[in-house]
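Shown next, in structure tokens, is the structure this report addresses.
The values are calculated or read from the model by the stated rules, or taken from the named source; none is laboratory data. In this text the structure is predicted, and so the values were computed from the model without any measurement. Cβ placement follows ideal geometry from the backbone for every residue including glycine, while neighbour counts extend to all protein chains displayed.
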Amino acid sequence: MPYSDYPCQSNNGECSHLCLLSPHPPGYTCACPTGVKLKEGSNMTCHNGPQSLLLVAHRSGISKISLDSSDYTPYALPLKDVKGAIAVDFDPKTEHVYWADNMAKTISRARLDGSEQMTVIHSGVGVPDNIAVDSLARNIYWTDPVSDTITVARLDGSFKKVIIHDELYEPRAIALHPMAGWMFWSDWNDKKPKIERANLDGTDRKLIVFEKLAWPNGIALDMKANKMYWGDAKTHKIEVSNMDGSERREIHNTDILHIFGLTLLGDYLYWTDMQRRSLERVDKVTGKDRQFVVEQMANMLGLKAIHLGNQEILNIQTHPCSNNNGNCSHLCFNRQKDYICSCPLGLELGSDRKTCVEPEAFLVYSRKNIIGRISIENENNDAVLPLKELKEVNALTVHVSGSKLYWSDTKTKTINRCSINGSNMEKIIEWTGLVEGLAIDWPGQNIFWTDTSAQRIEVARLDGSSRRTLIWQGLKKPKSIILDPKKGFMYWSELGSKTIRRAYMDGSNPSVLIEQVGKVNSLAIDYEKRTIYWAAIEPSAIEYARLDGSERRKILSDNIPVPYALALYMDRLYWGDWSTGDIESVIKTNGSDRQNVHKNLDFISDLKVYHKYKHAGSNQCGVDNGGCAHLCLALPSSSDLSNADYKCSCATHYKLDRDNLTCLEPEEFLLFAHKNTIGRVMITSGESYDAFLPITGLRNVKAIEYDPVNRFLYWMDEDSHSIRRVTVSSSTTSASADSKVVVAGLTRPFHMALDVLGRALYWSCTNKDSINATSIMYRLLWVLFNRYLVWNDIGLGCIMRANLDGTSRIELAQASNATALAIDQATGVVYWAMTRQIHAVDVDGTNRRTVWQGGWVGALGALGGSLFWGGGDRAPMRLTLARRDAPATPLPHVSRITAIVIVHKVDRDHPCWGGTTCGGGPGACLAGGACGCGLDCVAPATPRCSASQFLCTSAGAVANHPADETARCVPNEWKCDGQEDCADGSDEGPSECGACVRGLRCADGGCADSLGGCSTGALCPQGPLPDAFRCDDRLCLAARLLCDGSAHCADGSDEAPTACGYVQKDQIVTSGHHSNAFTACGIIIGVAAALGGVWMAVRRCRGGARRPRDPDLAAAVRLNPTKPPAPERARPLGASCTDSVLISGSLRCSGSDSTYEHYPRPTLNPPPSPATASASTAPAWGAARRRAYRHYRAMNRPPPPTPATTDAGDSDATPRPPSAPPPSPDPQHHHLYR
């Protein structure tokens, strides 16, 4: 500190902040704090704070950077609960910072010091992406890429209104020119990115930049020079044009990686680069003088440059909305030549054109993909509801007490609803047909609709639950529908019969009310006058009659080309004309005083009046739903003077309980699946046979199962590679929000089966050729037929059966390229589809037969004496099994099903009921209540047998060796030779010898007592066959098949001259003289026959002969090939196709090959995949049998058949006829595959 006087000693040198000594006269300088500069024209007084600032949104907060000094240090505003700040703007009048948070879905504000923080707008279902403040009109605008809208509100968040909603695809940046009355925004649409301009109220919309754009991200306006700047994150450029899009040029295009925010202040453009993590600036005219403002700061997004105390903005008095909001009660918008007052949707401008009022009534119309409203009381108050993703709106209705609109969309096949202002849109009913009529039962809180394509009338609760089909027979294209809940009647028109009909509201007592009315497209009811009005074509007319059909009278018939929509309000009748696009009105009693209400609304599909006092009154269903659990439906009372009576009813297939209030769910039914829907079929009297389950959000369903006790639906989801479950009831549930993952991480799963009683879930995987199982950790009870698991394998070409723990496997039948599989629980018959036929075999492997032929089948199920199947685009079919001569009949309204599963009534007397039998282990309770190993127990130690030996099933069970454990191994050639060598007979049992235990296995898969019974030959047994001709060590032929003109052997040896000379027993040799030539021929034939005999002997030696019963001898050729010992049963270790493997690739079918040690099994009809097309046909047996299938969707052909099922099959691809299997490897060269 200096000892003598110094310039700063007295009054701080007159400096407002800092006085700094200087070696230059006057010996000191005045300075300001960091980020603050001296006032203009003064070298002593500093501003109170930074005047030029950058505001930056960076996810977790908002930072400010002073531009008044070269120290560009960011300072974070002390804000709370900022989750995803993405955009920022500033109000210079109040000096509030506004920011959008796309994680919290809010717009908030605070002062520059972080004080007065508050949320002003909750976006709801949408997400605010960018914001712009109109500080003069005191409004804020934001883009929403979720709802694809641009919305405006007052700065305090009040009076929200959507001003742009159509032809927006990915709205992003937005900027305002309040004095010019314009707003500008960019759209990231992938196909047609664009920058548009409109008036601040959304009118006069113009496309100004649309060429050579990709990702237009930021927009900045130079209001003095009338220039618009924007950055493109994909082309890596900053460009400029006039505000009409003309004179476009590049400003900068070097080292810009991903521009996000863009703003303008003075002579510089500032931008944030997400990838470079930088904030930079460049001269706005030349594009030069590029400088870094901030480097290496993460997540910098939105950007706003401001200058505090901008008097040019604060002192503007010519803006019409800046003074008392232009005297508007709600919203004020400046425009190029004037200004306009506006109202939020739901209010209308009164006669003074400044004050917003709530109308008592207005018209609501639908056309194409638009729902709009038209004022009745105040002119020029038309509006279109800001609804997203409308495809083709057909029918429309209003629920006044709930302030809701309901409509049907014929493209999406849904019924939807929203609030009267267009917000809170939701789907309530999916999987409809052509819904052309809607009506609200306001006392009962139900919605009725007509389905013209399905020709039925249905009802549901207003939330879509408890859906029931009321009338499904005798209808001829039902169209419009109206209700009279006070009296308990419903009325509808039929285009097919050209009548108007009436029935009770429960669908009973239908009758024709009025005949010969033409094609009536719309009905309306006058509750006070007790009259019904209709608009018809062919001929075109508008008429009315009493509600009992009497006193019919015509109102209009001239100059109404196509009257399509009809509505009543007060004493006037309104109608919309499909052809002219006009909405007109007349006096409803005589058709006088015709007025035009609106023009240019062509293709109008429906018209309703929203009148807030219209639905006054109630009935007994209006109090606590009449006590009904599902539906309360009004009925006509016995007295015409009293209000309607009522009855409780249930969702389709549910049954009303004895109390006549509650409902019981169905016990036996068929479930079917589309890719995104699941339905139910019940063949019962007095009930519609089909119904969809109210589960929304399903995607790519491949297989389904159902637990009838806990009411869980299981489905295999191909997109998420998982098995999920959701509770099924009469109420709507979400497949995403309400479901639970049961098994996850699956790789190429194909099908599944649920053992509810044994608490186990089985599924198959095509990539590992395995059947897997896992424990279900909650109580599940169900009955599978005889506790068996049945599956087919496309590669092995057979149908197999095993216990639920994988033991006691037997082959039921050969089935190459089977596409669907099912079990009839009542009869124990296994059905499968193959080569455009459906075959059947008893569960013990006997009585194989063909039950139907005529087309490709991808899903199969048996229920109630009928067989159901579907495949491709056609409707599912039903075949009554008891009537062999009865043709299959289609089930209409359902097509392209991918899976079928049969649900049966739970047998509570079954010995496995309760899941506690056999220790309660999953899968432990087998057929008849016998105990098996299940999934939770460890398999007992078993002796190892050599490759030439067979392992008996029971311990110590070899005949004559009861105490010798090692004697459980017997030679392979002792198996299936007609003599039981194991004490339990397992060496001769069906699990090893198949269905032909006591006979021969024919080459076509059938069985015969002798070789002569096999029309295609038999697999050669170990023992001798009388008069058998051996093609090789695989195939033996009866003598009658030799030289019959058809080659049965692979090498054609059964038609060779040597073979024919050997067996011509019917050749007639007569006495007499023979020529020398004949004698020579006889000698040649004899020699050839001898050589043929030697050749056949050599073949037999190579094939092996019957050997003594020595356990150490090698296996010989046998009737059925052996299987290797079954793999140890897997335990429920997890949920992937490599864990919990119950049955794996060691499965072998026994009907068509020699032992697998000699020949590889040829792949039957493989799909065209790189793996199968290029792989060798002779793989090593230590490796997999064949390459796994590619995903069927990638093949554009039918999928492989179901590897595992109990009563369901699955496929939805377009069928193709299967090709013939490739020939087996040449038996003469079988040594190559040893």
Here is a list: Ala815, Ala822. Which entry is out of contact with any His (no Cβ under 8 Å at 6 or more places or on another chain) and either within 20 Å of Leu867 (Cα to Cα) or of a type in the set (Asp, Glu) (or both)?
Ala822
Taking into account only those residues within segment 503-531 that are among the basic types (Lys, Arg) and without any contact (Cβ under 8 Å) to a residue 24 or more places away in the chain, which is farthest from Lys487 (Cα to Cα)?
Lys529
Considering only strands (runs of 3 or more DSSP E) fully contained in segment 1-59, which possess at least 2 residues that are surrounded by fewer than 19 Cβ atoms within 10 Å (Cβ to Cβ)?
18-21, 28-31
Test of understanding: among Lys337, Lys288, which residue is basic (Lys, Arg) and touching a His at 6+ places or on another chain (Cβ under 9 Å)?
Lys288
For Tyr141, state whether it is of a type in the set (Phe, Trp, Tyr) and within 29 Å of Gly326 (Cα to Cα).
yes
Could you check how many residues of segment 567-600 are in contact (Cβ under 8 Å) with a residue 60 or more places away in the chain and in a strand (DSSP E or B)?
7
Could you tell me which numbered condition Ala214 fails, if it satisfies all but one of (1) touching a Ser or Thr at 6+ places or on another chain (Cβ under 6 Å); (2) buried (at least 21 other Cβ atoms within 10 Å of the Cβ)?
(2)
Could you grab me the full set of residues in segment 126-138 that are in a loop (DSSP other than H, G, I, E, B) and closer than 24 Å to Thr263 by Cα?
Val127, Pro128, Asp129, Ser135, Leu136, Ala137, Arg138
Could you identify the single residue in Arg197, Arg172 that is among the basic types (Lys, Arg), in contact with a Ser or Thr (Cβ under 8 Å, 6 or more places away or on another chain), surrounded by 19 or more Cβ atoms within 10 Å (Cβ to Cβ) and part of a strand (DSSP E or B)?
Arg172
For segment 89-97, does any single residue satisfy the condition of being more than 22 Å from Ala298 (Cα to Cα), surrounded by fewer than 22 Cβ atoms within 10 Å (Cβ to Cβ), of a type in the set (Lys, Arg) and out of contact with any Cys (no Cβ under 7 Å at 6 or more places or on another chain)?
yes
Mind counting the residues in segment 468-484 that are closer than 24 Å to Pro694 by Cα and at pLDDT below 95?
2
If you scan segment 98-125, which residues turn out to be assigned to a loop (DSSP other than H, G, I, E, B) and not charged (D, E, K, R)?
Asn102, Met103, Ala104, Leu112, Gly114, Ser115, Gln117, Ser123, Gly124, Val125
When segment 243-276 is examined, which residues are found to be more than 20 Å from Leu54 (Cβ to Cβ) and among the small types (Gly, Ala, Ser)?
Gly245, Ser246
Of (1) surrounded by fewer than 18 Cβ atoms within 10 Å (Cβ to Cβ); (2) outside any strand (DSSP E or B), Ile208 satisfies all except one. Which?
(2)
Of the residues in segment 112-132, how many are in contact with an Asp or Glu (Cβ under 8 Å, 6 or more places away or on another chain), surrounded by fewer than 21 Cβ atoms within 10 Å (Cβ to Cβ) and either under 16 Å from Asp156 (Cβ atoms) or not assigned by TED's automatic domain parsing to the domain that holds Gly61 (or both)?
1
Residues (within 40 Å of the chain's Cα centre (by Cα) and either free of Cβ contacts under 8 Å to residues at least 12 places away in the same chain or part of a loop (DSSP other than H, G, I, E, B) (or both)) located in segment 177-194:
Trp188, Asn189, Asp190, Lys191, Lys192, Pro193
Residue check, Thr34 of a type outside the set (Gly, Ala, Ser) and over 24 Å from Ile121 (Cβ atoms):
yes
Go through Gly806, Gly872 for me and flag whichever is small (Gly, Ala, Ser) and out of contact with any Pro (no Cβ under 6 Å at 6 or more places or on another chain).
Gly806
Contact list please: Cβ distance under 8 Å, first residue in segment 845-867 and free of Cβ contacts under 8 Å to residues at least 60 places away in the same chain, second residue basic (Lys, Arg) and assigned to a strand (DSSP E or B), pairs at least six apart or on different chains.
Leu867/Arg878
Just checking, which of Gly507, Gly518, Gly496 is of a type outside the set (Lys, Arg) and more than 20 Å from Phe448 (Cβ to Cβ)?
Gly518
Give me the strands (runs of 3 or more DSSP E) completely within segment 255-369, filtered to those with at least 1 residues that are without any contact (Cβ under 8 Å) to a residue 60 or more places away in the chain and among the charged types (D, E, K, R), ordered by residue number.
268-273, 278-283, 291-295
